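Asks: If you scroll down you'll find the structure; I have some questions about it.
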Amino acid sequence: MTTLRVWLEAAWEHTRAAPWLLVSPPGNTLSTGNTPASGWPDHDHLELVIAASHTRIIPVRLPPVPSARTAAAVRFAIEDQIAGGEAGAHVAVSGQRHDGVLLATLVPFEIMASLVQRSGALARLRRVIAEPELAAPHPDPTWRWCREIDAQSGFVRMPNGTAFPVGMPDVQGRLPPELRFALAQRIAASAVRPVVRVEWPVQAQELAQWQQEAEVSFIAGPLWRWEAADSAPATNLLQGAFALSQPTSRFAASRIIAPAVVLLGIAAAFHVLATVGHWLVLKSDVWSAGSQWTSLALSAGLANDASDSPDKVRAALTHRHAEVLHMHRMPAADDALPLMARASPAIATLPQGVVKRAMYADAHWTLEIAASDAASLGDLPARLRQASVDAIVVAVPGGARVRLGAP
């Protein structure tokens, strides 16, 4: 997998030539060049490096805050350190160290805005980093003053992670005003004087002149080359509105959809619970009724096998009630005489002599009706029901058969 690293000195334009190098893991340089995007070699990932002249890095110490609020908290913390022209700058933040310090990188908004349309040459863009991030901070008190050999400006990386652009020495060879001011502030605030390591071609007499001018040590170091530095620890500036994916839009959609899904889930849960609850109530009622019938049967002295179901219990209780009435020399509702007495008014409406035979057995009367008068039986069941007598009328050869019983 190859990565194309391109150095940007201004806002992105596909027709503008820019230095680039093609690398493959673990950092092997395959080719270099200085061409517009049309001259780039094939690559898997694209990485853009914003020139140090357009970037500043400010360390910020924060208490633990949610990641979603980190960017806003950092911008509020550095508000008084942002110059008027940087008020519209894009601010990207690094991960927070164990001591609560994180680095805020400021980049002009117009440079980041030129990278929004990620198509064509920018289709494989994965990272945007600030050039000073490629220069790892040295332990205190060493400051790194870096500049490309043919560049007209450079930057300083301090031990605490601060990075700021600096110009060239003036015609008299004096230090850039940005560096003089930073050194003066450090000397006034700390008893430990910094050591400035110059990482671009410099003469010994220039080092001596600067040392006398700023009253700090200047030493020569290895030449700075952005293309040879390790970019892995650098902060990706594609954050917030310029992130590769836009979590804010997904979050906004989720804020609309999630409540509806939650409400539907709650409604479905209530519906299921209500259905189960209603079923349990019905089952409880059935069980309670069965228990009452069973208790009644047992209290009446019936056998256990007569209490298997409410129907058996009711039949057994009816039979037991008849037995008790008989024991006290009283008629039961389904005895022959009381049953016939209730049915007689309805049977009396039939023509005389149509009842050929009447038999009583098993608490029921069975009447055989002559065939010639079977037509007169049409309203007999209704009259018997009005007399609280159950009746079944069945046509048989030679007439009809009527079965009478207690309800």
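Since every read-out is calculated from the coordinates, none of them should be taken as a lab result. Just so you know, these numbers come straight off a predicted model, no measurement behind them. FYI the Cβ positions are ideal-geometry reconstructions off the backbone, even for glycines, and counts take in every protein chain you see.
Asks: Based on other C-beta atoms within 10 Å, arrange Met340, Met112 from fewest to most.
Replies: Starting with the residue having the fewest Cβ neighbours, the order is Met340, Met112.
Asks: Quick one: net charge of Leu183's neighbours, Cβ under 15 Å, K/R +1, D/E -1?
Replies: Its environment carries a net charge of +3.
Asks: If I take every Cα pair under 8 Å that is 6 or more residues apart in the chain, average their sequence separation and divide by the length, what percent do I get for the relative contact order?
Replies: After rounding, I find 10 percent.
Asks: Per residue, what volume in Å³ does the convex hull of the Cα atoms of the chain enclose?
Replies: 359 Å³
Asks: What residue among Pro169, Ala289, Ile57 has its Cα farthest toward the positive end of the dipole of the chain, where the charges are +1 on Lys, Arg and -1 on Asp, Glu, each on the Cβ?
Replies: Value computed over the given set: Ala289.
Asks: Restricting to DSSP H runs of at least four residues, report the calculated mean residue ellipticity at 222 nm for the chain, -39500 (n - 2.57) per run over all residues, nearest 500 deg cm²/dmol.
Replies: Counting only the DSSP helices, I get -10500 deg cm²/dmol.
Asks: Cut-off is 10 Å between beta-carbons; in what order do Asp335, Asp230 appear when sorted fewest neighbours first?
Replies: Lowest to highest Cβ neighbour count: Asp230, Asp335.
Asks: So, one more: Report ³J(HN,Hα) in whole Hz for each residue of segment 357-365, in order, from the Karplus equation J = 6.51 cos²θ - 1.76 cosθ + 1.60 where θ = phi - 60°; Gly and Pro get x.
Replies: Per residue, the Karplus-derived 3J(HN,Hα) values read 7, 10, 10, 10, 6, 6, 6, 9, 9 Hz.
Asks: With axes computed from alpha carbons, what is the tilt in degrees of helix 67-77 against the longest principal axis of the chain, rounded to the nearest 10 within 0 to 90?
Replies: For helix 67-77, the angle is close to 40 degrees.
Asks: Please list the non-local residues whose amide H lies under 5 Å from the amide H of Ser217, H modeled 1.01 Å from N, same-chain partners needing a gap of 5 or more.
Replies: When sequence neighbours closer than 5 places are left aside, the close amide H contacts are Val196.
Asks: Quick one: which of 101-108, 342-349 comes out on top by average Cβ neighbours within 10 Å, and what's the full order, highest first?
Replies: 101-108, 342-349
Asks: Also, quick follow-up: Neighbouring Cβ atoms within 10 Å as the yardstick, rank Arg5, Arg69 fewest first.
Replies: Lowest to highest Cβ neighbour count: Arg69, Arg5.
Asks: Let me ask you something else. Taking the highest mean first, how do the peptides 130-141, 47-58, 190-201, 270-281 order by number of other beta carbon atoms within 10 angstrom per residue?
Replies: Taking the mean over residues of other Cβ atoms within 10 Å, the ranking is 47-58, 130-141, 190-201, 270-281.
Asks: While we're on this one: Using all C-alpha to C-alpha distances in segment 336-405, build P(r) with 5 Å bins and read off the rounded percent in each one.
Replies: 4, 18, 32, 29, 15, 3
Asks: Taking the Cα centroid of segment 346-365 and of segment 10-60, what is the distance between the two, rounded to the nearest whole Å?
Replies: A separation of 115 Å, based on Cα centres.
Asks: Report the charge-dipole magnitude of segment 136-223 in Debye, nearest 20, computed about the Cα centre from +1 at each Lys and Arg Cβ and -1 at each Asp and Glu Cβ.
Replies: Magnitude of the dipole: close to 220 debye.
Asks: Right, something else. Can you give me the long-range amide H partners of Leu237? Hydrogens built in the peptide plane at 1.01 Å from N, cutoff under 5 Å, separation of 5 or more residues or another chain.
Replies: Those lying under 5 Å, H to H, from Leu237 are Val128, Ile129.
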